[in-house]
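Q: Provided herewith is a single structure, encoded as structure tokens, for subsequent inquiry.
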Amino acid sequence: MTAGTRAFRQFVLKVHSRCDLACDHCYVYRHADQSWRRRPQVMSDEVATAVVSRIAEHAGAHPELGRVHVILHGGEPLLAGRERLARLAQQLRSALAGVCELDLRMQTNGLRLDEDLCRMLVQERISTGISLDGDRAANDRHRKRANGTGSYEAVVTAVRLIGSPPYRSAFAGLLCTVDVRNDPAAVYDALAALDPPRVDFLLPHATWDRPPPRDAAAPAAHARWLITVHDRWSAAGRPFPVRLFDSIEAGQDGQESFTESLGLGSPDLVVVETDGEIEQADWLKTAGHGAPRTGFHVLRHTFDEAAAHPGFLARSGGADALSRQCRDCSVVRICGGGLYGHRHRSDNGFDNPSVYCEDLFRLIGHVLRSPRPRPVRRPHTLTAHGFDSLAAGDGSGDALRALVAAEASVRRMLLGAVCARHPGPEASALTRLDRHRPRETAETLRHPHLGTWAVRSLEERVPPDAVRQRLGEIAVAVALRAGTGFRFELPEQALQAHLPGFGRLTLAPGHGPVALVAHEGGLLTAVPGGKPLPVSESAPLGIGWEPARHVPAWGTTILLEDGDPYRDGFPAEPEPRMDEAAHIRWIRLFADATAHLRARHAHRAPGVRALLTACTPVRGAAGQGAVAVDPHAFGALGLALPDTAQALAGLIVEGVQQVKFNALLDLFDLAGSDVSTEGLRSAYLDRVPATAIPDDGLTAYGRRMAARLRG
């Protein structure tokens with residue numbers, strides 16, 4: 001791709017360009033761009049086949065995506081018909097199988113939803129959002145049929161249908177366009193009464209040429225309206241996510257926004273119209289006729305080619321691409337200048353703050369000043385569909401993510417118990433890092449063999465000094481990931497130190513005091529009589545450094561763990577540290593096995609990609625190959641390399657299936673046995689003193705999760 005471009009992650013497919021409502025605030029039909037008049041009503045089979053192929057091509061060229069989001073849109077997509085929508089969903093899943101995950105969604109007015117369509121949405125896993133502007137008065141102010149009658153009753157009937165138990169898995173939430181003439185409390189109450197899984201409040205599309213109505217006596221009316229909704233939502237205990245408010249809080253936390261309306265993220269959304277034209281985001285239709293056009297077409301161009309269009313590049317410059325007023329603003333990192341289309345003015349283009357600038361500034365300030373509730377930890381579980389998908393052999397994306405999330409909590413539970421059992425400066429430092437650097441802590445805890453070490457520590461099979469050393473090593477690894485300073489004094493009797501995910505430090509007997517020092521530039525060692533030295537310069541002092549090895553797969557890397565002292569939980573004995581020739585053989589054979597998996601076992605690839613994080617070389621008969629799993633080391637396989645890539649691919653699939661089963665045992669006692677992994681791990685927590693660590697860090701989290709797993 002051209003420098004500065006970004007791969008597309010969201011694909012909006014305009015499957016039908018007409019609508020069975022005549023909303024007077026619709027940006028497709030009632031704003032400057034009227035290109036819908038010349039387009040075919042429905043996307044043809046030829047264009048649909050081409051766009052599916054182009055999406056798969058783009059995802060295959062950018063394995064770092066991992067997951068793409070396809071939104072069926074219009075007009076009104078349900079006008080395309082049940083069979084056409086189902087066929088398109090099937091084509092997308094088939095084309096993307098083994099390439100990346102598919103998150104398939106649809107946005108509809110809901111008028112045509114019936115039980116037959118709802119069954120199809122569930123079957124094809126099309127997550128569906130419905131547009132509803134509130135109570136009857138609010139909704140029917142704009143969302144009317146062509147004959148002038150309101151749509152409220154029909155839409156609410158559709159919402160209740162898709163929200164009912166048989167179809168709720170296909171219900172994505174409600175989309176509400178703000179009108180300050182409507183009562184915000186009544187709008188919120190009407191939406192909340194329908195028990196939506198999510199609500200998205202949208203500012204009505206406007207530009208500086210066509211600004212929203214202003215009232216000099218009551219400025220920032222949209223902010224005041226949304227603040228009322230925010231406070232009512234907060235007082236109700238935040239019963240469902242609200243994308244706008246959640247995005248503001250995410251920006252405060254330094255995370256990416258969940259909406260294009262806020263934040264400094266580069267654009268990753270592209271639109272394909274019914275005729276196959278590739279366009280920019282369709283809200284640009286408010287700026288002028290033809291504003292979203294790129295000149296590209298799915299029958300003639302790739303999405304990589306389209307990504308180099310100046311319209312996409314113009315929004316990829318972060319804060320530097322904003323107007324001076326925005327760059328000087330105190331909330332620019334959260335606001336990001338607002339929705340790009342809302343900045344337009346005919347005399348200078350988009351070099352302006354949002355036409356809702358004052359509203360956004362006041363709303364963001366209010367949300368940031370408002371108290372935030374403590375996060376509620378909910379027990380991990382699987383839906384019936386997710387359990388069935390795993391039982392069938394592969395597992396849906398949601399089911400695989402549920403297993404990963406549950407195992408992350410189990411790992412935290414175990415580490416919390418270890419910290420409580422062995423209080424001291426190491427446990428306190430790790431708890432403090434977890435509180436201030438939760439993402440880096442979570443990433444470090446993904447190291448599979450930490451589970452094996454934690455279980456043995458709780459079973460008192462690891463000496464207390466070695467437990468405390470391991471806690472210090474984990475803290476150093478977290479600090480290295482976070483780029484923050486931390487110093488840990490190694491015990492004088494230690495002959496090695498293993499930093500999960502980074503490598504192993506070896507020490508000569510009688511080395512004297514040695515400290516591990518993490519700082520922004522990496523890892524140093526502190527030795528007596530001198531300043532800290534990079535590990536690469538410590539060899540003359542008897543200090544050796546063996547960096548962690550990796551093998552490339554699916555656009556990322558998998559840890560090749562041949563140095564962790566707790567990698568011996570497999571039935572087969574682990575190999576010692578390999579030489580470079582052996583490492584190269586692993587890289588080559590693994591690359592070929594990955595390609596074989598994608599070509600011959602595409603349906604297995606998502607599970608392997610989601611669950612496999614590390615491989616440990618183990619002993620096996622020469623050339624025959626073998627795979628083993630450690631029930632406490634989720635994400636790891638013990639592998640003895642076979643002679644062929646095909647055989648290795650088969651071993652990887654077999655091993656990952658065992659990993660899935662072990663993860664299920666942590667959620668369910670599948671055989672009704674009293675001796676399950678979950679029961680064993682919960683027993684460890686029963687022996688943890690309640691006041692070992694008084695804060696609400698790893699230990700408290702561990703106790704809560706253990707109690708929920710027991711329940």
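The values are calculated or read from the model by the stated rules, or taken from the named source; none is laboratory data. Nothing here was measured: the structure is a model prediction, and the numbers come from that model. Please note: Cβ atoms are built from the backbone with ideal geometry, for glycine as well, and neighbour counts cover all protein chains shown. Ligands, DNA and RNA are stripped out before the accessible areas are found, and what is left, the full protein with its side chains, is counted by its heavy atoms. Shrake-Rupley method; radii C 1.70, N 1.55, O 1.52, S 1.80 Å.
Matching residues to (1) within 31 Å of the chain's Cα centre (by Cα); (2) among the aliphatic types (A, V, I, L, M):
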position: L121; (1), (2): yes, yes
position: R125; (1), (2): yes, no
position: I130; (1), (2): yes, yes
position: G134; (1), (2): yes, no
position: D140; (1), (2): no, no
position: A146; (1), (2): no, yes
position: G150; (1), (2): no, no
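Q: Checking the condition touching a Pro at 6+ places or on another chain (Cβ under 9 Å), among the hydrophobic types (A, V, I, L, M, F, W, C) and surrounded by fewer than 24 Cβ atoms within 10 Å (Cβ to Cβ), which residue from A477, A466, A442 passes?
A: On the way: A477 fails: surrounded by fewer than 24 Cβ atoms within 10 Å (Cβ to Cβ); A442 fails: touching a Pro at 6+ places or on another chain (Cβ under 9 Å).
That would be A466, the only listed residue that is touching a Pro at 6+ places or on another chain (Cβ under 9 Å), among the hydrophobic types (A, V, I, L, M, F, W, C) and surrounded by fewer than 24 Cβ atoms within 10 Å (Cβ to Cβ).
Q: Sticking with this one: Quick check on my filter: what residues within region 602-648 are assigned to a loop (DSSP other than H, G, I, E, B) and either among the polar types (S, T, N, Q) or over 33 Å from the mean Cα position of the chain (by Cα) (or both)? Give the derivation first.
A: Filtering region 602-648 for residues assigned to a loop (DSSP other than H, G, I, E, B) gives 602-604, 612-613, 619-623, 629-635, 643-644.
If the condition is that a residue be assigned to a loop (DSSP other than H, G, I, E, B) and either among the polar types (S, T, N, Q) or over 33 Å from the mean Cα position of the chain (by Cα) (or both), then T613, R619, G620, A621, A622, G623, D643, T644 are the ones that fit.
Q: In addition: Hey, among the residues in region 508-549 that are open to solvent by less than 60 Å² (accessible area, probe 1.4 Å) and more than 43 Å from the chain's Cα centre (by Cα), which one's modelled with the lowest pLDDT?
A: Ranking the qualifying residues of region 508-549, first place goes to G530.
Q: Based on what the data block shows, is N147 open to solvent by less than 20 Å² (accessible area, probe 1.4 Å) and at pLDDT below 95?
A: Working: open to solvent by less than 20 Å² (accessible area, probe 1.4 Å): no; at pLDDT below 95: yes.
Taking the combined requirement at face value, the residue does not satisfy it.
Q: Of all residues in region 31-76, how many are part of a loop (DSSP other than H, G, I, E, B), small (G, A, S) and open to solvent by 30 Å² or more (accessible area, probe 1.4 Å)? Spell out the reasoning first.
A: As a first pass, look at region 31-76 and keep what is part of a loop (DSSP other than H, G, I, E, B): 31-34, 39-41, 43-44, 62-66, 74-76.
Keeping just the survivors that are small (G, A, S) gives 32, 44, 66, 74-75.
Among the residues that remain, those that are also open to solvent by 30 Å² or more (accessible area, probe 1.4 Å) are: 32, 44.
Result for region 31-76: 2.
Q: Let me spell it out: the conditions are (1) at pLDDT below 90; (2) within 20 Å of H25 (Cα to Cα), and P219 meets all of them except one. Which number is the exception?
A: In the conditions (1) at pLDDT below 90; (2) within 20 Å of H25 (Cα to Cα), P219 misses (2) alone.
Q: Just one of (1) under 30 Å from E440 (Cα atoms); (2) in contact with a Ser or Thr (Cβ under 7 Å, 6 or more places away or on another chain) trips up A287, so point out which.
A: (1)
Q: Give the residue, chosen from V462, V455, that is among the β-branched types (V, I, T) and touching a residue at least 24 places away in the same chain (Cβ under 8 Å).
A: Working: V462 fails: touching a residue at least 24 places away in the same chain (Cβ under 8 Å).
Criteria check complete, one pass: V455.
Q: Something else about it: Which ones in region 149-200 are touching a strand residue (DSSP E or B) at 6+ places or on another chain (Cβ under 8 Å) and of a type in the set (V, I, T)?
A: Those that are touching a strand residue (DSSP E or B) at 6+ places or on another chain (Cβ under 8 Å) and of a type in the set (V, I, T): V155, V159, I162, T177, V178, V187, V199.
Q: Does E83 satisfy the condition of being within 32 Å of the chain's Cα centre (by Cα), of a type in the set (D, E) and open to solvent by less than 10 Å² (accessible area, probe 1.4 Å)?
A: Here the answer is no, as E83 does not meet what is asked.
Q: I need the full set of residues from region 491-507 which are assigned to a strand (DSSP E or B) and buried (at least 22 other Cβ atoms within 10 Å of the Cβ), in order please. Let's see the steps before the verdict.
A: So the first thing to find is which residues in region 491-507 are assigned to a strand (DSSP E or B), and the list is 496-499, 503-507.
Within region 491-507, A497, H498, L499, L505 meet the criteria.
Q: When the residues of region 101-129 are filtered to those that are assigned to a helix (DSSP H, G or I), more than 22 Å from Q10 (Cα to Cα) and aliphatic (A, V, I, L, M), which remaining residue is most open to solvent (accessible area, probe 1.4 Å)?
A: If we take residues in region 101-129 being assigned to a helix (DSSP H, G or I), more than 22 Å from Q10 (Cα to Cα) and aliphatic (A, V, I, L, M), then L117 is most open to solvent (accessible area, probe 1.4 Å).
Q: Would you confirm whether or not region 91-100 contains a residue that is buried (at least 19 other Cβ atoms within 10 Å of the Cβ) and at positive phi?
A: Taking every residue of region 91-100 in turn, at least one turns out to be buried (at least 19 other Cβ atoms within 10 Å of the Cβ) and at positive phi.
Q: If you don't mind, another one. Out of V376, V355, V367, report the one residue that is within 24 Å of the chain's Cα centre (by Cα) and at pLDDT 90 or above. Working first, answer last.
A: Details: V376 fails: at pLDDT 90 or above; V355 fails: within 24 Å of the chain's Cα centre (by Cα).
Within the list V376, V355, V367, the selection yields V367.
Q: Determine, yes or no, whether P197 is in contact (Cβ under 8 Å) with a residue 24 or more places away in the chain, open to solvent by 70 Å² or more (accessible area, probe 1.4 Å) and either part of a loop (DSSP other than H, G, I, E, B) or not polar (S, T, N, Q) (or both).
A: no
Q: Just wondering, is there one or more residues in region 580-603 that are closer than 17 Å to G501 by Cβ and touching a Gly at 6+ places or on another chain (Cβ under 7 Å)?
A: The answer is no, given that none of the residues of region 580-603 is closer than 17 Å to G501 by Cβ and touching a Gly at 6+ places or on another chain (Cβ under 7 Å).
Q: State whether one or more residues within region 395-405 are open to solvent by 50 Å² or more (accessible area, probe 1.4 Å) and part of a loop (DSSP other than H, G, I, E, B).
A: no
To keep it simple, each residue is scored yes or no on (1) in contact with a Lys or Arg (Cβ under 7 Å, 6 or more places away or on another chain); (2) in contact (Cβ under 8 Å) with a residue 60 or more places away in the chain; (3) of a type in the set (V, I, T).
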{"site": "E249", "(1), (2), (3)": "yes, yes, no"}
{"site": "T259", "(1), (2), (3)": "yes, no, yes"}
{"site": "P267", "(1), (2), (3)": "yes, yes, no"}
{"site": "V271", "(1), (2), (3)": "yes, yes, yes"}
{"site": "G295", "(1), (2), (3)": "no, no, no"}
{"site": "H301", "(1), (2), (3)": "no, no, no"}
{"site": "A319", "(1), (2), (3)": "yes, no, no"}
{"site": "L322", "(1), (2), (3)": "no, no, no"}
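Q: Tally up the residues in region 562-605 that are open to solvent by 50 Å² or more (accessible area, probe 1.4 Å), at pLDDT 90 or above and among the aliphatic types (A, V, I, L, M), please.
A: 3
Q: Before we move on, is N147 more than 30 Å from E46 (Cβ to Cβ) and free of Cβ contacts under 8 Å to residues at least 12 places away in the same chain?
A: Values: more than 30 Å from E46 (Cβ to Cβ): yes; free of Cβ contacts under 8 Å to residues at least 12 places away in the same chain: yes.
So N147 fits the description; yes.
Q: Do you know which residues across region 560-588 are touching a Pro at 6+ places or on another chain (Cβ under 9 Å) and within 18 Å of V659 (Cβ to Cβ)?
A: Matches in region 560-588: L560, E561, D564, R567, D568, G569, P574.
Q: Quick check on my filter: what residues within region 200-239 are exposed (fewer than 15 other Cβ atoms within 10 Å of the Cβ) and in contact (Cβ under 8 Å) with a residue 24 or more places away in the chain?
A: Keep residues of region 200-239 that are exposed (fewer than 15 other Cβ atoms within 10 Å of the Cβ), which gives 209-211, 213-219, 235-237, 239.
Result: D209, R210, P211, P213, P219, A236, G237, P239.
Q: I would also like to ask the following. Output yes when any residue across region 421-435 is open to solvent by less than 10 Å² (accessible area, probe 1.4 Å), in a helix (DSSP H, G or I), in contact with an Asp or Glu (Cβ under 7 Å, 6 or more places away or on another chain) and among the small types (G, A, S), and no when none is.
A: The initial filter retains those residues of region 421-435 that are open to solvent by less than 10 Å² (accessible area, probe 1.4 Å), namely 427, 429-431.
Next, from what is left, pick out any that are in a helix (DSSP H, G or I): 427, 429-431.
Cutting the leftovers down to in contact with an Asp or Glu (Cβ under 7 Å, 6 or more places away or on another chain) gives us 431.
The next check asks that each one be among the small types (G, A, S); those that pass are none.
Scanning region 421-435, I find no residue that is open to solvent by less than 10 Å² (accessible area, probe 1.4 Å), in a helix (DSSP H, G or I), in contact with an Asp or Glu (Cβ under 7 Å, 6 or more places away or on another chain) and among the small types (G, A, S), so the answer is no.
Q: Right, something else. Could you list all residues from region 153-189 that are without any contact (Cβ under 8 Å) to a residue 24 or more places away in the chain and either in a loop (DSSP other than H, G, I, E, B) or crowded, with 21+ Cβ neighbours inside 10 Å (or both)?
A: Result: S164, P165.
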